[in-house]
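Structure, as structure tokens:
None of the figures in this text is laboratory data; all of them are computed from the coordinates on show. This structure is a prediction, so every number in the text was calculated from the model and none was measured. Virtual Cβ from ideal backbone geometry, glycine too; neighbours counted across all protein chains shown.
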Amino acid sequence: MDNTKILPGLTKIFFGLIYRNLEQCEKTIELIKSLAPIDIESNEIPFDFTDYYNEEFGSLLKRKWVSIDKKIPENELVHFKQTSIEWEKELAIDNKRTVNCDPGGISESRVVLVTTKNYSHRIYIGNGIYGEVTLIYKDKNFKPLEWTYPDYRSNTFIQFALRCRENLRSP
């Protein structure tokens, strides 16, 4: 049994990016780097799980995740969501976002997403922001829940989350 312990509530911050234009993605990554260096980056995958963003962004969307070298208490995720909303506005063209930038946290036991949208499985964490446990760590892997989005069920994200968890656990 591994006796390594993480302080309660400590989480590794990450950002999920959905975009069409690589240049806009790179601009977002530069903003993310202003918080702390990027230490883990997933492979880019097609974002073809839903057409939810097509009206705003167009088609042929891409998806990737990046984490920064920063471990925070989970309640600070509110601040990062507010910051990402400002970045989306800053990078918008004709009042349409060019990148969807959603922060989350990966802890030893779960992946938490933060959103402005309330729903039955989300809890209010402050300043108009809700938290959602979307994956739980069990049997040496992250497991989806009933409401987990398809892209967060993907092998690309699961491998990214496992790398982030291992990074969180290292001194």
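Annotations
- From its DSSP helices (H runs of at least four residues, each -39,500 (n - 2.57)), the chain gives a residue-normalised ellipticity at 222 nm of -8500 deg cm²/dmol.
- Exposure proxy ranking, count of Cβ atoms within 10 Å, fewest first, for Lys89, Lys64: Lys89, Lys64
- In plain terms, the residue of Asp139, Asp69 with the fewest other Cβ atoms within 10 Å comes first and the most crowded comes last, giving Asp139, Asp69.
- Structural descriptor for region 10-169: relative contact order 26 percent, calculated from alpha carbon pairs under 8 angstrom and at least 6 residues apart.
- Phi to ³J(HN,Hα) by Karplus 6.51 cos²θ - 1.76 cosθ + 1.60 over region 160-170, Hz, x for Gly, Pro: 4, 4, 5, 5, 5, 4, 4, 4, 4, 6, 7
- Net +/- balance of residues flanking Ile38 in space, Cβ distance below 13 Å, scoring K and R +1, D and E -1: 0
- Rg/Rg_globular for the chain, with Rg_globular taken as 2.2 N^0.38 Å and Rg from C-alpha atoms: 0.99
- Amide H partners (placed H, <5 Å) of Leu135, local residues excluded: Val111
- Residues whose amide H lies under 5 Å from that of Arg122, counting only those 5 or more places away or on a different chain, are absent; hydrogens are built 1.01 Å from N in the peptide plane.
- By the count of neighbouring beta-carbon atoms within 10 Å, fewest first, Asp102, Asp94, Asp39 end up ordered Asp94, Asp39, Asp102.
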